[in-house]
Amino acid sequence: MTVLRKEMFDLPKGMIYLDGNSLGPLPRAVPDRVAQAIAGEWGAHLIKGWNLDGWMAQPARVGDLVGRLIGAPEGSVVMGDTLSIKVYQALSAALQMRPDRRLVLSDSGNFPTDLYMADGLIRHLDQGHSLRVADPEAVADAITEDVAVVMLTQVDYRTGRMHDMDEITARAHAAGAVMIWDLAHSAGAVPVDMAASNAEFAVGCTYKYLNGGPGAPAFIYVRPDLADSVAPALAGWLGHAAPFAFDLEYRPAPGVERMRVGTPPVLQLTALEAAMEVWEGVDMTDLRAASVALSETFIREVEARCPDLRLASPRDAGQRGSQVSFRFENGYAAMQALIARDVIGDFRAPDIMRFGFTPLYLDEGDVIRAADIIEEVIRDRLWDRPEYLTRQRVT
């Protein structure tokens, strides 16, 4: 069954967008829906919008939409804040669940912010915790009985290497550790079944494959049997059991609602809620099959045309997320040359050219045409120009 629905996205004519793994494109339904929220809700209703327009319920309502794509039961996902905040919440709660252990295990394929938040939390707690960072290939064997929490990003943001969620979660539980998954490069990209994995926590962002727009809010999943007992370190007003009782002492809300912190970003949640309409009727198994087909075509075409580019992603599609990365000594300049020719990917230091594959708006013709342009840029050294060699702030 086809999952292509290019007509639902507002993509510039002629552009081949291979960067949805960093920022998804604009769904056509979003501008009108956000305009309605601005003028018809905020403008017309003002503060009444919290009740009249359902603003206060948005984090849970949109959370259920995201939850459907990650195999999470209804009522187990809530939206809000940034991914960094959600990592902090999940990790602090997980450490409290294992008070007799002091080790957090992650890997070098994890996104830096996750490691930064872990390091900051450990320093703040000042209780003798430590962070162990293993190689991605060795992390499963590093799960020993002194580990309190295993915290991993399922899909490596640089190479697309994908961990086996069920296997690693089972190993963590066998060792008595709590499992946290970062789904930033998984949600909307690969099939995920949080319920089947039995992991305690998951977090993720929504501006990549979910097309929520720049700065779109993050999500957090808490396994339902734990949701009424986890203790959030960031105990915000809207995570209180009765916010408008204005109690001076914190009482956590029931279930995952206790993981709410501050005021919902209504306009950004509205954009995300409208963007989620593109997922209606999409089967993640079908989407995954289409993604693999596009990725395999891209690898075959690029390798045949550009021998100077070396595949950095796993060759086995089963071990790869919905992105393909190539190493090239002049990768930054080459990517700038591609962007100037409307083939949009991105660069990750030190030498990775990264391309994302989203079958909702990409087809085989797009992939072949991208390979044509990549071949031209590399073969003719079109990247070797001063304007492409100067590093910009965002790569």
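The values are calculated or read from the model by the stated rules, or taken from the named source; none is laboratory data. Every value quoted in this text rests on a predicted model; they were computed, and no experiment measured them. Please note: Cβ atoms are built from the backbone with ideal geometry, for glycine as well, and neighbour counts cover all protein chains shown. Calculation scope for accessible area: heavy atoms of the full protein, side chains included, ligands and nucleic acids excluded. Shrake-Rupley method; radii C 1.70, N 1.55, O 1.52, S 1.80 Å.
Some points to look at:
- Residue count for the stretch 168-199, restricted to those that are assigned to a loop (DSSP other than H, G, I, E, B) and either among the aliphatic types (A, V, I, L, M) or crowded, with 24+ Cβ neighbours inside 10 Å (or both): 12
- Pair list, Cβ < 7 Å and 6+ apart or interchain, from the stretch 1-15 residues that are within 15 Å of GLU364 (Cα to Cα) and touching a residue at least 40 places away in the same chain (Cβ under 8 Å) to residues that are outside any loop (DSSP other than H, G, I, E, B) and not charged (D, E, K, R): VAL3/LEU287; VAL3/ALA290; ARG5/VAL278; MET15/ILE344
- Of all residues in the stretch 2-23 being open to solvent by less than 20 Å² (accessible area, probe 1.4 Å) and of a type in the set (Val, Ile, Thr), the one that is farthest from GLU277 (Cα to Cα): ILE16
- Which numbered condition ALA289 fails, given (1) part of a helix (DSSP H, G or I); (2) open to solvent by less than 50 Å² (accessible area, probe 1.4 Å); (3) of a type outside the set (D, E, K, R): (2)
- So GLN323, is it at pLDDT 95 or above, under 19 Å from the mean Cα position of the chain (by Cα) and open to solvent by 60 Å² or more (accessible area, probe 1.4 Å): no
- Among the residues of the stretch 32-49, the ones that are open to solvent by 60 Å² or more (accessible area, probe 1.4 Å) and under 23 Å from the mean Cα position of the chain (by Cα) come to 0 in all.
- For the stretch 77-98, a residue qualifies if it is crowded, with 22+ Cβ neighbours inside 10 Å and in a helix (DSSP H, G or I), and the qualifying residues are LEU83, LYS86, VAL87, TYR88, GLN89, ALA90, LEU91, ALA93, ALA94, LEU95.
- Checking each residue in the stretch 362-395 for being in a loop (DSSP other than H, G, I, E, B) and without any contact (Cβ under 8 Å) to a residue 60 or more places away in the chain picks out ASP380, ARG381, LEU382, TRP383, ASP384, ARG385, THR390, ARG391, GLN392, ARG393, VAL394.
- Residue that is least open to solvent (accessible area, probe 1.4 Å), among those in the stretch 336-361 that are more than 19 Å from ASN211 (Cα to Cα) and in a loop (DSSP other than H, G, I, E, B): ASP351
- Residue satisfying condition, being open to solvent by less than 60 Å² (accessible area, probe 1.4 Å), under 23 Å from the mean Cα position of the chain (by Cα) and not hydroxyl-bearing (Ser, Thr, Tyr), within set LEU238, LEU267, LEU294: LEU294
Results for (1) among the aliphatic types (A, V, I, L, M); (2) over 12 Å from the mean Cα position of the chain (by Cα), shown as yes or no for each residue.
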residue: GLU137; (1), (2): no, yes
residue: ASP141; (1), (2): no, yes
residue: GLU145; (1), (2): no, yes
residue: GLN154; (1), (2): no, no
residue: ASP164; (1), (2): no, yes
residue: SER186; (1), (2): no, no
residue: ALA199; (1), (2): yes, yes
residue: LEU210; (1), (2): yes, no
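- Yes/no for LEU26 being open to solvent by 20 Å² or more (accessible area, probe 1.4 Å), at pLDDT 95 or above, under 30 Å from GLU364 (Cβ atoms) and touching a Gly at 6+ places or on another chain (Cβ under 8 Å): yes
- Subset of the stretch 346-379 [out of contact with any helix residue (DSSP H, G or I) (no Cβ under 9 Å at 6 or more places or on another chain) and at pLDDT below 95]: none
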